[in-house]
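To start, the structure under review is shown below, and the notes come after it.
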Amino acid sequence: MKYGLVLEGGAMRGLFTAGVTDVLMENGISFDGVIGVSAGAAFGCNIKSGQNGRAIRYNLRFAEDKRFCSVKSLLTTGDMFGAEFCYHTIPDELDVFDSAAFEASPTDFWLVCTDIETGRAVYHKMNKVSYSELEWMRASASMPMFSRIVEAGGRKLLDGGIADSIPLRFMEKQGYDKNVVIVTQPRDYVKHRNKAMPLLKLAYRKYPNLIKACAERHKMYNKELRYIRRSESEGRALVIAPPEKLPVGHIEHDTNVLQEVYRIGRMTGMENLDRIKSFIGK
């Protein structure tokens, strides 16, 4: 029996997930494989490196730093979240990512990107930590309109959530029999068509398959929600969701708000701890 952990994205909603996963790490709960999408990948990698508390720590530290996230960064570099600062300077120098622990861990770590030329999901298994591997992580979290296209592995990539927001099916196909799925929207959430489609069509007119994926994302997402609910009812998945809509947007500089989202995640993790232990036989 192989146990997996599936982490949805959601930009700063990802701190809810970080709160849940920190509780899991503190209680010695591990998984055979982890897959993260967007913020789920950027924060979820700390599970494999065993760095409890790292995601909330550096987000609080750099929340008001214009190099981390700002309109200035978007206008001057093309990335709202500074590419070099967020994905290289921080993990290499300012809040060091434990690459040795990551590479030594037996847990498989996957991340999801969207190939903008095909409009399809790309699943990348990250075994080591290097500049090029961290570019895959940046690609997974690169939101359309707010990020430059990232080139990695010979592909042009953007946010993995466009093509596969909650990759439970993928994990099951990889042989993970039972999966804990952490989502960042309440259980009753329904996604609607993206109101920014006219702008997306203009910005990415050279990539018709990406435009199609963006236009149909709400259908894909709602279909995935139905699938994880069915999987949960059949005993193959355990879904952890926030109790209500999280009080944060995609961009947030208020450290009190960030701390509150993380607190809700920790609270939810503690409330579901016994369920998770029972589900994975701990």
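The values are calculated or read from the model by the stated rules, or taken from the named source; none is laboratory data. All values reported here derive from a predicted model rather than from experimental measurement. No Cβ is skipped: glycine too gets one built from the backbone with ideal geometry, and neighbour counts run over all protein chains shown. Please note that ligands, DNA and RNA were not included when accessible areas were found on the heavy atoms of the full protein model with its side chains. Shrake-Rupley method; radii C 1.70, N 1.55, O 1.52, S 1.80 Å.
Brief remarks on what is shown
- Shown in residue order for the stretch 176-184 are the 3J(HN,Hα) couplings computed by the Karplus curve 6.51 cos²θ - 1.76 cosθ + 1.60 at θ = phi - 60°: 7, 6, 10, 10, 8, 10, 9, 9, 10 Hz (x for Gly and Pro).
- Measuring r between the beta carbons of Asp188 and Met145 and using R0 = 30 Å, the FRET efficiency lands at 0.60.
- Using the 1.4 Å probe convention, the accessible area of the chain works out to 44 Å² per residue with neighbouring protein chains retained.
- For the stretch 77-227, the Kirkwood radius over C-alpha pairs fed into Stokes-Einstein at 20 °C and 1.002 mPa s yields D = 129 µm² per second.
- Selection among Phe109, Tyr262, Ile166 by position relative to the dipole of the chain gives Ile166 as farthest towards the positive end (Cβ unit charges, Cα centre).
- Of the DSSP H helices in the chain, those with a Cα length along their own long axis of 15 Å or more and a mean Kyte-Doolittle hydropathy reaching -1.0 comprise 14-26, 39-49, 255-271.
- Taking the accessible area of the chain, probe 1.4 Å, and keeping the other protein chains in place, the carbon and sulfur fraction comes to 50%.
- Cα-based reach from Lys195 at 16 Å (exclusive), listing lysines while leaving out same-chain residues under 8 positions away: Lys212, Lys219
- Were the residues from Met25 through Glu260 laid out at 0.36 nm apart, the gain over their Cα-Cα distance would be 82.6 nm.
- Quotient of the Cα radius of gyration of the stretch 201-260 and 2.2 N^0.38 Å, N being its number of residues: 1.63.
- Across the options Ile228, Pro208, Gly153, the greatest Cα extent toward the positive end of the charge dipole of the stretch 131-229 (unit charges at beta carbon of Lys, Arg, Asp, Glu) belongs to Pro208.
- Around the Cα centre of the chain, unit charges on the Cβ atoms of Lys, Arg, Asp and Glu (plus for the first two, minus for the last two) sum to a dipole of about 1120 debye.
- The largest-to-smallest principal axis extents of the Cα set in the stretch 38-159 are 36, 36, 19 Å.
- Among Tyr189, Ala141, Gly19 - extreme Cα towards positive end, dipole of the chain, charges at beta-carbon: Tyr189
- Cα gyration tensor shape for the stretch 139-225, rounded if a/c is under 1.5, else prolate or oblate: oblate
- Placing a pseudo-label 7 Å from each Cα along the Cα-to-Cβ vector at Glu216 and Thr107 gives an inter-label distance of 3.4 nm.
- Global form of the stretch 111-171, assessed from the alpha-carbon gyration tensor, a/c cut-off 1.5: oblate
- For the cross-link pairs Lys66/Lys191; Lys128/Lys156; Lys128/Lys178; Lys2/Lys48, the ones whose C-alpha atoms lie over 23 Å apart are Lys66/Lys191; Lys128/Lys178.
- Semi-axes of the equivalent ellipsoid for the chain, Cα gyration tensor, largest first, Å: 26, 22, 19
- Projecting label points 7 angstrom from Cα along Cα→Cβ for Asp65 and Glu232 puts them 3.6 nm apart.
- With R₀ set to 35 Å, the beta-carbon distance separating Lys173 from Lys206 gives a calculated FRET efficiency near 0.65.
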